[in-house]
Amino acid sequence: MLEQQKLRLESRGRRLRRTDAIRRILNETRLHTDMLVAPVFVIEGTGLVEDVEGMPGVSRYTVDRLPAYLERLTGLGIRSVLLFGVPAAKDDSGTGAYSKDGVIPRAIRSLRSSFQELVIMADVCLCEYTSHGHCGVLSGKIVDNDRTLPLLARAALEYAKAGADVVAPSAMMDGQVLAIRAGLEEAGLDDTIVMGYSAKHASAFYKPFRSAAGSAPSFGDRRSYQMQPENVREAMREIEQDVKEGADIVMVKPALAYLDVISRARKRFDLPLAAYNVSGEYSMVKAAAQNGWLDEKAAVQEILTGIRRAGSDLIITYFAEEAARWLKEGW
Ligand code: PBG
């Protein structure tokens with residue numbers, strides 16, 4: 001009895017939870033709008049803002065409609081966006097990804113001129129631009145790693161020349177960071193930041209993105225280039241390789257089923273670490289919230305806090321705008 005009383009006195013965790021103010025001063029993990037990156041889908045044409053199937057609250061914008069949207073995001077304090085292009089025409093080699101007047105270079109030039117402070121990130125991949133929907137060019141039915149590298153390097157160079165601060169290769173081709181870094185340096189673009197999608201897993205949670213970007217593979221899947229979800233040691237090797245190749249920022253993707261990967265990466269590498277809270281992770285919460293099964297605001301706070309607590313510096317999330325609004329209100 002005495003023993004038990006002593007134990008109770010020594011371990012009153014509830015003392016630290018009594019009031020909101022006490023809880024707030026002892027908060028170990030704080031979210032800030034500065035760490036949020038908003039993904040933005042850019043489509044061809046003019047005057048269009050289209051809803052994305054399966055992602056309520058997310059739209060695709062033509063270049064002329066971007067500034068108004070960006071005013072809204074930056075007005076809430078969001079400092080960076082990650083651009084994805086949806087071209088009007090696709091071909092075998094994904095030409096739209098690396099043509100100077102492709103949808104992304106045009107979007108970057110437009111945003112660069114009106115939003116000087118904005119950190120503009122551009123996704124570098126071929127899947128949105130290829131008729132077959134794979135992230136690289138094909139040799140037969142095989143995604144040809146080494147023939148894809150120069151195309152990714154060209155795309156990154158076009159985006160950097162257009163004014164992107166960050167280029168982010170997501171194709172999971174071996175050597176993509178090195179190819180891009182070499183291309184940038186050769187062109188004298190030493191200041192462009194390369195953010196590798198270093199540990200990108202083959203995930204069921206990309207499905208809504210693929211309808212937004214029109215990038216679902218027309219045959220097979222991406223498991224010969226994206227990582228298998230089971231492997232965390234391999235994820236560390238992928239990150240290490242990107243660091244060696246010259247990445248400035250590394251990434252783990254998706255976030256929620258991979259919090260241990262984020263945590264391991266945080267402990268092991270000193271580079272800035274990004275986590276991608278992907279489309280399916282967004283859609284799950286939206287669907288449940290729309291049915292009244294979840295309190296969206298509370299759920300999003302908990303999710304983003306979890307990703308942050310696991311150790312990521314940047315969080316790429318479709319909740320960026322809403323989260324920024326909630327953060328402004330004090331959450
Ligand atoms: C392109 C790319 C994908 C995502 C980001 N870049 C799709 C894929 O690999 O199929 C997914 C993002 C998301 O689901 O939000 N390679």
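Just so it is clear, none of the values below were taken in a lab; they were calculated from the coordinates. Just so you know, these numbers come straight off a predicted model, no measurement behind them. Here Cβ is always computed from backbone atoms with ideal geometry, including for glycine, and neighbour counts include all displayed protein chains.
Worth a mention:
- Projected-area average for segment 1-145 over all orientations - Cα convex hull basis, square nanometres: 15.9
- Lysines whose Cα lies under 17 Å from that of LYS90, excluding same-chain neighbours fewer than 8 positions away: LYS100
- Binned Cα-Cα distance frequencies in segment 229-319 - 10 Å width, integer %: 17, 46, 26, 10, 1
- q = 0.09, 0.11, 0.13 Å⁻¹: log10 I(q)/I(0) that the Debye formula gives for segment 28-328, counting C-alpha atoms only: -0.39, -0.60, -0.87
- Phi-derived couplings, Karplus 6.51 cos²θ - 1.76 cosθ + 1.60 at θ = phi - 60°, listed residue by residue for segment 196-204: x, 7, 5, 10, 9, 9, 6, 10, 5 Hz, with x used for Gly and Pro.
- Beta bridges by DSSP in segment 51-160, antiparallel share as percent, to the nearest 5: 40
- In sequence order, calculated HN-Hα J values of segment 103-114 (Karplus, 6.51, -1.76, 1.60; Hz; x Gly/Pro): 4, 6, x, 5, 5, 5, 4, 5, 5, 4, 6, 9
- The lysines whose alpha-carbon is closer than 25 Å to the alpha-carbon of LYS267, local same-chain residues fewer than 8 away aside, are LYS200, LYS244, LYS253.
- Diffusion coefficient (Stokes-Einstein, Kirkwood radius over C-alpha pairs, 20 °C, 1.002 mPa s) for segment 130-253: 143 µm²/s, rounded to a whole number.
- Where both bridge residues fall in segment 28-328, DSSP classifies roughly 10% of the beta bridges as antiparallel.
- Dipole of the chain computed with +1 at Lys/Arg Cβ and -1 at Asp/Glu Cβ about the Cα centre; of MET173, GLY140, PRO272, farthest Cα towards the positive end is PRO272.
- Between SER131 and SER114, the distance separating the two model label sites (each 7 Å from Cα on the Cα→Cβ line) works out to 3.6 nm.
- Label-zone membership for segment 263-306, site ALA204, 7 angstrom Cα→C-beta point, backbone N under 14 Å: 280-281, 284
- Modelled label reach - ASP260, point 7 Å along Cα→Cβ, segment 287-331 residues with backbone N closer than 17 Å: 307, 310-311
- Contour excess over end-to-end distance, with Cα ends at VAL232 and GLU302 and 0.36 nm allotted per residue: 22.8 nm
- Close amide H pairs (under 5 Å, H built 1.01 Å from N) link SER198 with MET251, residues at least 5 positions away or on another chain.
- For ALA21 and ASP313, the FRET efficiency from 1/(1 + (r/R0)^6), where r spans their Cβ atoms and R0 equals 25 Å, is about 0.35.
- The calculated 222 nm mean residue ellipticity attributable to helices in the chain amounts to -12000 deg cm²/dmol, summing -39500 (n - 2.57) over DSSP H runs of n ≥ 4 and dividing by all residues.
- Pairwise inverse Cα distances across segment 15-68, averaged and inverted, put the Kirkwood hydrodynamic radius at 14.7 Å.
- Take the Cα of GLU50, step 7 Å toward its Cβ, do the same at GLU186, and the gap between the two points is 3.5 nm.
- Relative packing of 214-224, 146-156, which averages over residues the other C-beta atoms within 10 Å, highest first: 146-156, 214-224
- Backbone amide hydrogens, once placed in the peptide plane, bring VAL137 within less than 5 Å of ASP144, THR148, excluding anything fewer than 5 places away on its chain.
- Remark: relative contact order (the chain) = 18 percent; criterion is Cα-Cα distance under 8 angstrom and separation of 6 or more residues.
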